[in-house]
Amino acid sequence: MKKTMMLMLLPLSLLTMLLWAAPQQTPLIVADNEPAMLAETLIEPETVASDLKENFAVPEDNPSAIAEEKGGENNKKKLITYAMSLLGTPYVWAGVSPKGFDCSGFITHVFQKFDVAVPHSSALQAKEGEFVARDEAKIGDLVIFTGTNPKKRTPGHVGIIISTDDDNIEFVHSSSVGGVKVSKVEGTGYSRRFLQIRRLL
């Protein structure tokens, strides 16, 4: 009888041992505030867009940057080279073409070749760009003079500076005597007629 009972209880004992030895799984407990915590970890589209704009922004048109590019030394040298290629062009009153220039027409034509609009008037050109001290003049700057009467201190002639070596300014211009040519300021009548320097590039 005892032997029969033991045989009957053996399977039950084995089942109990197997259940006890099986790994226990921890029930998944979701805290009440877990949805909110999960929501906080989501990356909002607006945040992504803001980060991309900050780190990979395409710069907008910047007038000063464009001006700086136009005013590069290489561009100034090209402008001077072109102006010098016009040496010998005759003086023509109100002329603005390689067939003939007056002083301001020469300036207008040369700068127009480099996409810089300059009015055809020495008086108006004297107001273009920015004022530059004489000792800070650079190639490509405009040098403004009076007319033939130095006592009349108003703009009447203009040229393009091509050299400032040792503070001696050389400029190319269209003169009523000789057409397009190179002249110096220091040691000449232009020294008395000098008014100012203007920088357009």
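Here the spin labels are modelled as points 7 Å beyond Cα on the Cα-Cβ line, and at ALA94 and GLU130 they lie 3.6 nm apart. Neighbour counts of C-beta atoms inside 10 Å place HIS157, HIS173, HIS120 in the sequence HIS120, HIS157, HIS173, starting with the fewest.
Take the Cα of LEU86, step 7 Å toward its Cβ, do the same at VAL182, and the gap between the two points is 1.7 nm. Ranked for footprinting exposure by Cβ neighbours inside 10 Å, fewest first, ARG153, ARG193, ARG199, ARG134 give ARG153, ARG134, ARG199, ARG193. In a fully extended conformation the segment linking SER163 and THR148 would gain 3.1 nm over its present Cα-Cα distance, using 0.36 nm per residue.
For the range 72-199, the equivalent ellipsoid derived from the Cα gyration tensor has semi-axes of 19, 17, 14 Å, listed largest first. Counted residue by residue at 0.36 nm each, then reduced by the alpha carbon distance between them, the extension gain from ASN75 to SER175 reaches 33.5 nm. Count Lys and Arg as plus one, Asp and Glu as minus one, and take only other residues whose Cβ is under 13 Å from that of GLU186; the net charge is then -1. Taking Cβ atoms as reference points and 14 Å as the exclusive limit, the residues near ASP165 contribute a net charge of -3, counting Lys and Arg as +1 and Asp and Glu as -1. Within the range 135-187, the ratio Rg/Rh, alpha carbon atoms throughout and Rh by Kirkwood, equals 0.96. Evaluating 6.51 cos²θ - 1.76 cosθ + 1.60 at θ = phi - 60° for every residue in the range 111-120, the Karplus couplings come out as 5, 4, 4, 10, 6, 10, 7, 10, x, 8 Hz, glycine and proline recorded as x. Among ASP141, ASP115, ASP167, the ranking by other beta carbons within 10 Å of each residue's beta carbon, starting with the fewest, stands as ASP115, ASP167, ASP141.
No value in this document is a laboratory result; all are computed from the given coordinates. If you're wondering where the values come from, they're calculated on a predicted model, not measured in any experiment. Neighbour counts are summed over all protein chains in view; Cβ atoms, including those assigned to glycine, are modelled from backbone coordinates with ideal geometry.
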